[in-house]
Amino acid sequence: ADPYQISTVADWTELTGTSADWGAAFVLTADLDLNGATLSPVGQLWSNPFTGILDGNGHALRNANISGGSFMGIFCCMYNAKCSNLGLENISVSGGSYVGGLVGYASGACTISNCYVSGSVSGSGSSIGGVVGYTEPDGYNYSYIVDCTATCVVKADNINAGGLVGEASWTTIKDCYSTGAVTATNGAAGGLLGHMWISTIMGCYAMGPVDGGGSYLGGLVGRMELKSTISNSYAMGSVNGPQYVGGLVGGVNMFSNTVVYCYAMGPVNGAVEVGGFIGHRNAPVSNLVTASYWDTETSGQA
């Protein structure tokens, strides 16, 4: 009801250095231009993550750089936290593994809503995403990513790169989209999400090109596993890679996955198990695809 107000770059810098306040509530009251300055992330992994609330109030952080080891983002680590209504414009974030434009590592029941990221996000390891690098549950508590947008370039030097999220478990992603180019050197890359596990995507789309040097490359999702669902979603970007390459999903593994009311229409190119819609599908009896299609002309896949 009475959040701390952040109105200047000095206020934000104070937040990054005041770990005792990382469980409080904050609101931005102005756009903040960092003019190319290097920021320290908010939150510390395990010992003191951000557990509070940040309402961007429709404002943006602009022209900032964040670099270092693993777990990099405007927020290094969130736990049961909320972030909403925040824009990140021309942000450059680089690190090892678990790197995201907004959040490197989100644990527990986090909610990220109405946020957007533009710029570039890269990592020398795995789980690299335009908005979030990696999400994981605490017990059976889901995280929610809703109404978020990524227009940034995303690159992982290993696996699990996604235009919006690198890797997600026990997460619902709803009404989101990404348009930037996504690359993973060793595979598992998706225009929206690199790797999903017991998660849900609904009402989302991706339009950026996806390229990789390994397996599981998809226009929307690279690798889909175990009791996951994709519904009312589509992909339009090109997908290129050696193996398990699909216009919507690179590969569907394990069991009880569902894809329904979806389509893909981007060019698809690969060598082993390539499909206009899904490249590789394991256990087809329990992994259901219904009411979905791909464009055979634009995809180049009969």
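At a glance:
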quantity	calculated
Top-ranked residue of region 156-206 - restricted to ones that are open to solvent by 10 Å² or more (accessible area, probe 1.4 Å), assigned to a strand (DSSP E or B) and not β-branched (Val, Ile, Thr), ranked as farthest from PHE255 (Cα to Cα)	TYR177
Scope region 142-151; condition more than 12 Å from the chain's Cα centre (by Cα), at pLDDT 95 or above and not in a strand (DSSP E or B); matching residues	ASP147
Matching residues, region 11-59, being open to solvent by less than 70 Å² (accessible area, probe 1.4 Å), free of Cβ contacts under 8 Å to residues at least 24 places away in the same chain and either part of a helix (DSSP H, G or I) or among the basic types (Lys, Arg) (or both)	ASP11, GLY17
Residue check for LEU217: within 21 Å of ASN85 (Cα to Cα) and among the aliphatic types (A, V, I, L, M)	no
Positions within region 108-133 being open to solvent by 10 Å² or more (accessible area, probe 1.4 Å) and out of contact with any Gly (no Cβ under 6 Å at 6 or more places or on another chain), in sequence order	ALA109, THR111, SER113, ASN114, SER118, GLY119, SER120, SER122, SER126
Inter-residue pairs, beta-carbon under 9 Å, first farther than 13 Å from ALA206 by Cβ and in region 148-159, second among the charged types (D, E, K, R) and assigned to a strand (DSSP E or B), 6+ apart	ILE159/GLU167; ILE159/ARG223
Residue tally, condition within 18 Å of VAL154 (Cβ to Cβ) and either open to solvent by 20 Å² or more (accessible area, probe 1.4 Å) or in a strand (DSSP E or B) (or both), over region 216-240	11
TYR205 being more than 23 Å from TYR142 (Cβ to Cβ) and at pLDDT 95 or above	no
First in region 240-263 and within 17 Å of LYS227 (Cβ to Cβ), second anywhere and open to solvent by less than 30 Å² (accessible area, probe 1.4 Å) and of a type in the set (Asp, Glu), Cβ under 6 Å, 6 or more apart	ASN253/GLU225; MET254/GLU225
Extreme residue, surrounded by the most Cβ atoms within 10 Å (Cβ to Cβ), among residues of region 264-302 that are closer than 13 Å to MET224 by Cβ and hydrophobic (A, V, I, L, M, F, W, C)	ILE278
Which numbered condition SER94 misses (of (1) of a type in the set (S, T, N, Q); (2) modelled with pLDDT of 95 or more; (3) over 17 Å from TRP12 (Cβ atoms); (4) over 17 Å from the mean Cα position of the chain (by Cα))	(4)
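Okay, residues lined up against (1) in a strand (DSSP E or B); (2) closer than 25 Å to GLY180 by Cβ; (3) at pLDDT below 95; (4) hydrophobic (A, V, I, L, M, F, W, C):
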position: GLY251; (1), (2), (3), (4): yes, yes, no, no
position: GLU273; (1), (2), (3), (4): yes, no, no, no
position: ALA283; (1), (2), (3), (4): no, no, yes, yes
position: GLN301; (1), (2), (3), (4): no, yes, no, no
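The values are calculated or read from the model by the stated rules, or taken from the named source; none is laboratory data. Computed from a predicted model, the values in this text were never measured in an experiment. Virtual Cβ from ideal backbone geometry, glycine too; neighbours counted across all protein chains shown. We work out accessible area using only protein heavy atoms, side chains counted, and drop any ligands, DNA or RNA first. Shrake-Rupley method; radii C 1.70, N 1.55, O 1.52, S 1.80 Å.
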